[in-house]
Amino acid sequence: MRTGIRRLFFSIEKFGIPLSLMEGTGRIRNLDSINTQKLIKKADRILTGELEYYSCHRKLIDDPPNWFVNPFSAQVFPGSGLHWTKIPDFQEGFGDIKNLWETSRFNWLTILARAFAVSSNRTYTEVGNRWLRDWLQNNPLNQGPNWKCGQEASVRVFNLLNMTIIINSDSDINLSLSDVVYAHLKRISSNIRYGLAQDNNHGTSESAALFIGASWLHSKYPNKYPDTKYFALKGRKWFENRIEKLIDDDGGFSQYSTNYHRVFLDTMIFAEYWRSELSLPSFSHLAYEKIREAINWLVIFTDPLSGHTPNLGSNDGAQLLNLHSCNYRDFRPTIQTANVLFNQKAIFPKGEWDEPLIWLNVGTIRYPLEIVPRKSQTFKGGYAYMSGNNTWAMIRFPNFNFRPSHNDIFHFDLWNNGKNVVHDSGTYSYYPEDKDRNLNFKSVHFHNTVSFDGKEQMPEVSKFILGDWIEPDFVREITQAGNCQVWEGQYTTSNRCVHHRRVILEENVWLVEDELLGDFEHAIIGFNISLKHDSIRGGVVEGGDIRIRLPKNASHKIVEISCSHYYMEKHLTQRIETTVRAPGLYRTSFELLK
């Protein structure tokens, strides 16, 4: 890249600007009134110049949008005319490049298409076509920041082809759309080894887009695009390879993140849908086995009452299966759709999370409910799941086959009656504005665990890489005797400090025991709490439906810290910090009052 050699593989090519890419007869879908109202309201906001970023932030935009503006800072990207190989990963003074990429993922396209399908109002397709034409005119192939990432090109392929399903597009009369898809496949294919080398969602997304897009083109125009057969075979090969390598036998994903786990399953949904739709051979037996285990993994760590999950690991705001109007934090649409496609069973009773199945022409009524047992267990990727009566917890322990992203070893995440009462702080942004540069959500100081002398558990080598990966001294399986469950583990830091954590559940009380050893001046035991607590009285914090008893022989305080539920969103939450200055055993109990 620095020598300019890489540029030789990617020529800049202007698009022929078509009159229409959203060309279809429309197919009226029978959504329930609530889903229809939500959808039309969201689509109408787009018509009035308001776009939603990361399923959270409503920003006023031009019609069509400026594809090179950061709506959070109003800064315009300075290198829109450069070849993508000349553009740095992080542009000083511009902010997070993902804020620019978000508009060019075309999530708005499937919203407009769905609104057209339920209303037959061609205003939605007129706006969609105007925006697509403008994007093609201002983003020649391989020019500008919107071509820098192969995964971003892959998401556009997903949305373009999903649009054809929604509006019943006759691709035989829409050669322009085919040319656009083919251009994206050339960009993805020529640099896919970079995505594969990450051992994460880049490889799964790019290989899936290559397989899906090339298979679709080859089925429609087997002679027009001669290398699509090669692209499809290449995509299938790496797609199966990524599944088999990146998914543990018990379903965990390489990125140690609930949201990236959802991104993985959304990608699997698209690949399986198009494989079936185009009557292509099945994927490998091992791939299907691992996908089914990955579904079960996400079911276990999804709260059955709220549909939310722990805010585990990196969370970049991605929601690829954007064929519904549920909240971004609700994981039920992905779980329901994936389980119907791969297991021919529904996980949840009929609800608004079924909408993707309607657009994919799959019903839920004829599928029986599958009960996935939520039993206490440990997972190979470094997770313990403990379950009680309307309460459950996740404990994170180190067992890294792939690179960790957060200093969250022994993080304790507690749920009660659908509420995340002791929680993770999330991610916020990979490249925050200058005023927020001190907010390192990956830090041990934002997780429910222990820090020694203010140091990180693993040092940050670069923005996405941690060094000195910690290995556990031991991790026990969960034991149960009567109403009592116990999990415990231990690790040693590079400074020879030892953290031994034991988590005990007995009826309605969770006890977290931290035994701390080593030559440290002070250690902080921290817990983020979602309920408002004004003070500590006699070592007890109480509010709402929880009572927290803090360790003795220690000092305590409640501080305000930032927390993020959506990308680029932050709000204040409270954190209990217990400071200890000597080795010993320290107990924190969480008594659930309801």
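Taking square-rooted eigenvalues a ≥ b ≥ c of the alpha carbon gyration tensor, is segment 386-592 rounded, prolate or oblate, where a/c under 1.5 means rounded and, failing that, a/b exceeding b/c means prolate? Taking the square roots of the gyration eigenvalues as a ≥ b ≥ c, segment 386-592 is rounded. Measuring nothing but alpha carbons in segment 6-359 and taking Rh as the Kirkwood radius, the Rg to Rh ratio lands at 0.93. Only helices enter this figure: runs of n ≥ 4 DSSP H residues, each worth -39500 (n - 2.57), summed and divided by the residues of the chain, yield -9500 deg cm²/dmol at 222 nm to the nearest 500. In the distance distribution for segment 486-549, Cα-Cα pairs more than 18 Å apart total 52 percent. Extension gain, K594 to Q480: 0.36 nm times the residue separation minus the Cα-Cα distance gives 38.7 nm. For a paramagnetic label modelled at 7 Å from the Cα of D249 toward its Cβ, which residues of segment 382-409 fall within the zone defined by backbone nitrogen distances under 20 Å? 382-385, 397-402, by backbone N distance to the label point.
Placing pseudo-labels 7 Å out from each Cα toward the beta carbon at V498 and K41 gives an inter-label distance of 5.7 nm. For the chain, the longest principal axis of the alpha carbon atoms and the long axis of helix 175-190 meet at an angle near 50°.
Working ranking of peptides 13-24, 498-509 by packing, defined as the average number of other Cβ atoms within 10 Å per residue, highest first, is 498-509, 13-24. Packing, taken as the mean count of other beta carbons within 10 Å per residue, orders the peptides 241-253, 322-334, 82-94, 567-579 from highest to lowest as 322-334, 241-253, 567-579, 82-94. Of the residues T578, Y221, W353, the one whose Cα sits farthest towards the positive end of the charge dipole of the chain is Y221 (charges of +1 on Lys and Arg Cβ, -1 on Asp and Glu Cβ, taken about the Cα centre). Annotation: the residues E515, E521, sorted from fewest to most other C-beta atoms within 10 Å of their own C-beta, follow the order E521, E515.
Mean sequence separation of contacting Cα pairs (under 8 Å, at least six apart), scaled by the length of segment 24-142, corresponds to a relative contact order of 32 percent. Rg to Rh ratio, segment 3-130, alpha-carbon atoms and Kirkwood radius? For segment 3-130, the value is 1.04.
Stretching the chain fully between E13 and S33 yields a gain of 2.7 nm (0.36 nm per residue, less the alpha carbon separation).
Could you calculate the FRET efficiency of S555 with K435 from 1/(1 + (r/R0)^6), where r is the beta carbon distance between them and R0 is 41 Å, rounded to 0.05? Efficiency, from the Cβ-Cβ distance: 0.85. The simple Förster model, with R0 at 22 Å and r as the Cβ-Cβ distance, assigns T3 and Y194 a FRET efficiency of 0.85. When the Cα positions of F231, P65, G49 are compared along the charge dipole of segment 6-359, F231 comes out farthest toward the positive end, with charges on each C-beta of Lys, Arg, Asp and Glu. Taking GluC sites (Glu not before Pro) across segment 284-390, none is in a DSSP loop with at most 11 further Cβ atoms lying within 10 angstrom of its Cβ. Once the Cα atoms are used to define both axes, helix 285-300 deviates from the longest principal axis of the chain by about 50 degrees.
Karplus-derived 3J(HN,Hα) values for segment 7-19, using 6.51 cos²θ - 1.76 cosθ + 1.60 with θ = phi - 60°, are 4, 4, 8, 9, 7, 7, 9, 7, 8, x, 8, x, 5 Hz; glycine and proline are entered as x. In units of the rule-of-thumb radius 2.2 N^0.38 Å, segment 98-193 shows an alpha carbon radius of gyration of 1.08. Under 30 Å between alpha carbons, and skipping anything fewer than 8 positions from K350 in its own chain: which lysines qualify? Output for K350: K38, K41, K42, K290, K375, K419, K594.
Taking label points 7 Å from Cα along the Cα-to-Cβ direction, E507 and D63 give a separation of 6.3 nm.
Counting charges near R575 (Lys, Arg +1; Asp, Glu -1) among other residues having Cβ under 12 Å from its Cβ returns a value of -2. Report the calculated FRET efficiency for C56 and D89 (r = Cβ-Cβ distance, R0 = 25 Å), to the nearest 0.05. Efficiency, from the Cβ-Cβ distance: 0.55.
Under the simplified labelling scheme, the Q137-V76 pair shows an inter-label distance of 1.6 nm, with each label point 7 Å from Cα along Cα→Cβ. Charging the Cβ of each Asp and Glu at -1 and of each Lys and Arg at +1, and nothing else, the dipole of the chain about its Cα centre rounds to 1040 debye. For the residue pairs K148/K442; K234/K463; K14/K224; K98/K345; K229/K463, the C-alpha atoms sit more than 28 angstrom apart in K234/K463; K98/K345; K229/K463. The gain in end-to-end length when the S20 to R587 segment is fully stretched comes to 197.6 nm, 0.36 nm per residue minus the alpha carbon separation.
Evaluated with a Cβ-only charge set (Lys, Arg +1; Asp, Glu -1), segment 386-592 carries a dipole of roughly 240 debye about its Cα centre, given to the nearest 20. Per q in 0.15, 0.21 Å⁻¹, report the Debye log10 I(q)/I(0) for segment 285-410, using one uniform scatterer on each alpha carbon and no solvent. The Cα Debye sum returns log10 ratios of -0.78, -1.38.
Projecting the Cα atoms of G482, A393, L466 onto the dipole axis of segment 377-508, where Lys and Arg carry +1 and Asp and Glu carry -1 at the beta carbon, places L466 farthest toward the positive end. For F397, the residues whose amide H sits under 5 Å from its own are Y383, A384, F410, ignoring neighbours fewer than 5 places away on the same chain, with H placed 1.01 Å from N.
Here's how it looks for I546: its modeled amide H is under 5 Å from those of L593, which are all 5 or more places away or on a different chain. In this Cβ point-charge picture (+1 for Lys and Arg, -1 for Asp and Glu), segment 143-279 has a dipole of about 500 debye about its Cα centre.
Quick note: the coordinates plus some simple rules give every number you see, no bench work behind them. Not measured: the values here are computed from a predicted model. Please note: Cβ atoms are built from the backbone with ideal geometry, for glycine as well, and neighbour counts cover all protein chains shown.
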